[in-house]
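A.B. asks: Below you'll find the structure I mean.
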Amino acid sequence: MSRRTFALPNGARAASVARQALEPSVAALPPDRRADVLLLTTELVTNAFRHGAPPITLVVDADDGGRLRVEVEDAGAGRPARQPEPGPSGGWGLLLVEEAADRWGVLDGSTNVWFEIDL
């Protein structure tokens with residue numbers, strides 16, 4: 001099992017830094033799954049930057065059982081919605097996470113949003 005934690009900058013570069021941090025974990029994935037992981041991570045990091053508060057942390061956990069888990073946490077007081085409800089002002093990102101990830105959720109009592117893909 002390989003679990004790594006990264007502190008992300010609080011700014012527009014956060015998503016780019018997160019994608020670079022993920023590169024070793026996704027390099028060997030099929031192109032479509034690699035693209036999914038990078039897109040979903042970008043979405044979660046962008047949500048943390050826009051709606052949360054610093055610090056923003058990225059956790060990447062690849063296990064030997066063929067699963068990759070990505071967690072994004074910030075120090076904001078808000079609570080991400082478990083049931084995404086997109087509308088004219090947004091909310092489409094978590095719907096995308098729901099559709100593309102094999103599993104996803106929010107850790108109870110936190111702003112830690114995670115997703116998993118089966119490798």
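A.B. asks: Those residues that are assigned to a helix (DSSP H, G or I), free of Cβ contacts under 8 Å to residues at least 40 places away in the same chain and of a type in the set (Lys, Arg), I need them from region 13-40; list them, please.
C.D. replies: Matches in region 13-40: 19, 34.
A.B. asks: Would you mention how many residues in region 42-66 are in contact with a Leu (Cβ under 9 Å, 6 or more places away or on another chain) and under 20 Å from residue 96 (Cβ atoms)?
C.D. replies: 9
A.B. asks: Moving on to the next point. I need the full set of residues from region 30-46 which are of a type outside the set (Val, Ile, Thr) and within 17 Å of the chain's Cα centre (by Cα), in order please. Even if it seems obvious, please write down each step before you answer.
C.D. replies: Taking region 30-46 as the starting set, the residues that turn out to be of a type outside the set (Val, Ile, Thr) are 30-36, 38-40, 43-44.
Residues satisfying the conditions are 32, 33, 34, 35, 36, 38, 39, 40, 43, 44.
A.B. asks: Something else now. Which residue is surrounded by the fewest Cβ atoms within 10 Å (Cβ to Cβ), if the candidates are limited to region 41-74 and must be outside any strand (DSSP E or B) and either of a type in the set (Val, Ile, Thr) or touching a residue at least 60 places away in the same chain (Cβ under 8 Å) (or both)? Let's see the steps before the verdict.
C.D. replies: Looking only at region 41-74, we keep the residues that are outside any strand (DSSP E or B), and these are 41-55, 64-66, 74.
Remaining after also requiring either of a type in the set (Val, Ile, Thr) or touching a residue at least 60 places away in the same chain (Cβ under 8 Å) (or both): 41-42, 44-48, 64.
On the way: 41: 23, 42: 18, 44: 28, 45: 24, 46: 16, 47: 22, 48: 29, 64: 7.
For region 41-74, the residue satisfying everything is 64.
Taken together, the values in this text are just the output of simple stated rules run on the coordinates, not laboratory data. Note that the coordinates shown come from a computational prediction; the quantities given were computed from them, not determined experimentally. Quick reminder, even Gly has a Cβ in these numbers, built from the backbone with ideal geometry, and neighbours come from all protein chains shown.
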